[in-house]
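The values are calculated or read from the model by the stated rules, or taken from the named source; none is laboratory data. Predicted model only: the values in this text are computed from it and were never measured. Here the Cβ positions follow ideal geometry from the backbone for every residue, glycine too, while neighbour counts run over all protein chains shown. Note: accessible area is taken over every heavy atom of the protein model, side chains too, but ligands, DNA and RNA are not part of it. Shrake-Rupley method; radii C 1.70, N 1.55, O 1.52, S 1.80 Å.
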Amino acid sequence: MKPSDYPPPFATSEFVAAPGKAEIEVGVLIVGAGPAGLACAIRLGQLLEEAPELAERLGEVPVAVLEKGKQPGSHLLSGAVVNPRSLRRLFKDRVRTDEMPFLGRVEHESVYFLTPKRAMRIPAPPTMRNSGNYVASLSQLGRWLAGQAEEAGAVILPETTGHKLLVGDGRVRGVQTGDKGRGRNGEELPNFVPGDEVQAKVTVLAEGTQGHLTGIALDRFALQGDNPQVWALGVKEVWRVAKPLGRVIHTMGWPLRPGAKYREFGGSFIYPMGEDMITIGMVVGLDYRDVELSVHDVLQELKTHPLVRKLVEGGERIAWGAKTIPEGGFLALPKRLHAPGLLIVGDGAGLVNVPALKGIHYAVESGRLAAEAAFSALQRGEAPGRRGALVGYDEALEQSFVWRDLKQVRNMRPAFGRGFWLGGAMAGAMTASRGNFPPGDASLEHDAEQELIRTDRAKRYPVPDGKLTFDKLSSVFLSGNQTRDDAPNHLRVRDRVPPEIAELWTRMCPAQVYEVGDDAGDGDVQVEVTPSNCVQCGAITAKGGRLTPPEGGSGPEYKLT
């Protein structure tokens, strides 16, 4: 049995519309106020400052950024240890590194292989060395970047979702934003406000992981590459602690199982956040097979290990969140990252280096390069809607360090599908050969194509005690979730499936959105959905469902993640 046997009720055509009368017209429309989108807005502001004639031609709003959260940063979550390279290239001498909102430079780091009771320190793999990088809260970095973008002239529209892609005459012409004020069944409430048609000369999709319109664009313009994207789910907590940590820690091994039949690829990170906070997170590939695996509960299990327990003992958990991570890397890149009138940047393009645990500086660099391509295509005598007008973005990215980095590690992630030990040995050979051995490219399978198994995995999860280990609902509360209880359901799943599929979704979801319901006959069960719990992590899209845009302003209100 596979999740892909039970596809969601979803069609790309639902979310593509012909442009009509524009309620809002802008020069460049950026969908998503994450590091890629905001870097794009900042670089466009820099370029337009030196080209006032073009800025005037683009109208009253040369650059607009849509953000679906309450504010920029609300939906941003990462580890995060940031390589400052791309931010320095973006700001040059305008902003010094010590003026950026980092929480400390990485001076010391440790990597451990865990067993249930022991922690064996091992040399840090070359891809995971972080000396000279900086610890950051991505939500805080996002808010700071938004301020820089506004200073550069961008207009940021929060609580606004990109619902439909506007396509006319074979080119993207903007987006239709989502309605607000609908009830659970789609009815108009007294505070109903319809969405707007926002038309633009260039649209940049910077939606991050599991981007809705990005998926629509990949389908509509046949941009998919030779391999499907694959995903991981990361769940993290922020703790206030009595003792400063002073180093970056990564672990591998326990609580994940090494056997190839389980396909449990991942590990943990523990980072200092200043003198009195640390962040602890668990990342697990969503190609796992066991219906009883729950990344949230594996994180709770991790904290019972002596190495981790002593770090948080006497502390207080103050934040929680979850997010998917694109893990396909170079192998899963779209065959093009542009279409007429359209550019795709950041995590939406899959620009993540899994062995290095890095993606933020790639997102920033891609946003900067996209801005330069858009700027070139907007010059007099050029038309951004012309086929090939934006190809300069792809060419610049292929010549960048982003492309080189991803190509060197392209086969590492699929190697671990053969189990931890064999995968680790192959990854070592790939590192030593700088990606030249083994030659060629590996292949990837959709996460939802993995055959399911059932073990007694859930028996190992600790009972939540409210001090060290916690349940899912208390965790959702800590996310600051802003979703109305009567908001429309934005999650597309089959409502009647075999018990194994229903349990897979129930265990997988870190926010307790899905529950196994009553017997539906013929061996199936009902799937009960509580969309107001959703933190929009995107895991359901990887495992047989589909996340679509919720009402603008709903979802988590991350502040420290």
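Taking each residue as 0.36 nm, the span from Thr115 to Glu187 lengthens on full extension beyond its C-alpha to C-alpha distance by 20.6 nm. For the stretch 62-203, the solvent-accessible area with a 1.4 angstrom probe is 45 square angstrom per residue.
Each of Asp471 and Ser13 was given a label point 7 Å from its Cα along the Cα-to-Cβ line. The distance between the two points is 4.5 nm. In order along the stretch 28-37, the Karplus-derived 3J(HN,Hα) couplings, from 6.51 cos²θ - 1.76 cosθ + 1.60 at θ = phi - 60°, round to 10, 9, 10, 9, x, 9, x, x, 5, x Hz, and Gly and Pro are given as x. At 1.4 Å probe size, with every protein chain present, just tell me what the per residue accessible area of the stretch 250-334 comes to in Å². With all protein chains present, the stretch 250-334 gives 25 Å² per residue. Considering only DSSP beta bridges where both residues belong to the chain, give the percentage that are antiparallel (nearest 5). Bridges in the chain are about 70 percent antiparallel.
With protein chains left intact and a 1.4 Å probe, residues in the stretch 439-508 average 52 Å² of accessible area per residue. Under the criterion of Cα pairs below 8 Å and six or more residues apart, the relative contact order for the stretch 412-548 equals 20 percent.
Model label points for Arg454 and Glu382, set 7 angstrom from Cα along the Cα-to-Cβ axis, are 5.8 nm apart. The slack in the chain from Asp219 to Arg309, taken as 0.36 nm per residue of separation less the alpha-carbon distance, amounts to 27.8 nm. Overall, the anisotropy analysis places the stretch 1-141 in the oblate class: the square-rooted eigenvalues a ≥ b ≥ c of its C-alpha gyration tensor yield a/c not less than 1.5, with a/b not exceeding b/c. Using the Cβ of Phe265 as centre and a radius below 14 Å, the other residues enclosed give a net charge of 0, where K and R count +1 and D and E count -1. For Gly553, the shell of other residues with beta-carbons less than 11 Å away shows a net charge of 0, using +1 for Lys and Arg and -1 for Asp and Glu. Contact order, relative form, for the chain: 22 percent (alpha carbon pairs under 8 Å, 6 or more residues apart, mean separation divided by residue count). Gly435 sits among other residues whose Cβ lies under 13 Å from its own Cβ, and their net charge, with Lys and Arg +1 and Asp and Glu -1, is +3. The number of Lys pairs in the stretch 57-203 with C-alpha atoms less than 19 Å apart, excluding pairs fewer than 8 positions apart on the same chain, is 5.
For the stretch 281-298, backbone phi angles converted through the Karplus equation (6.51, -1.76, 1.60; θ = phi - 60°) give residue-by-residue couplings of x, 10, 10, 9, x, 7, 8, 4, 10, 7, 4, 8, 6, 9, 5, 4, 6, 5 Hz, Gly and Pro being listed as x. The simple spin-label model puts a point 7 Å past each Cα toward its Cβ; for Ala22 and Asn436 those points are separated by 5.1 nm.
With R₀ fixed at 22 Å, the C-beta to C-beta distance from Asp276 to Asp98 puts the FRET efficiency at about 0.60. Remark on Ile156: its backbone amide H falls under 5 Å from those of Val65, a criterion applied only to residues 5 or more positions apart or on other chains, H modelled at 1.01 Å from N. The three principal axes of the Cα atoms in the chain give end-to-end lengths of 66, 57, 48 Å, sorted in falling order. Ranked by the mean number of other Cβ atoms within 10 Å of their residues, highest first, the peptides 32-45, 359-372, 531-544 fall in the order 32-45, 359-372, 531-544. Database remark: amide H of Arg336 closer than 5 angstrom to no amide H (H placed geometrically; neighbours at sequence offset of 5 or more, or on other chains; Pro and chain starts carry no H). On the basis of the beta-carbon distance and an R0 of 41 Å, Ser443 and Arg105 show a calculated FRET efficiency of 0.55.
Split the accessible area of the chain by element, probe 1.4 Å, and carbon with sulfur accounts for 49%. Per-residue 3J(HN,Hα) values for the stretch 172-180, derived from phi via the Karplus relation 6.51 cos²θ - 1.76 cosθ + 1.60 with θ = phi - 60°, read 7, 10, x, 9, 9, 7, x, 5, 10 Hz in sequence order (x marks Gly and Pro). Under the combined filter of DSSP loop state and at most 13 neighbouring Cβ atoms within 10 Å, the stretch 460-529 retains these trypsin sites (Lys or Arg not before Pro): Lys467.
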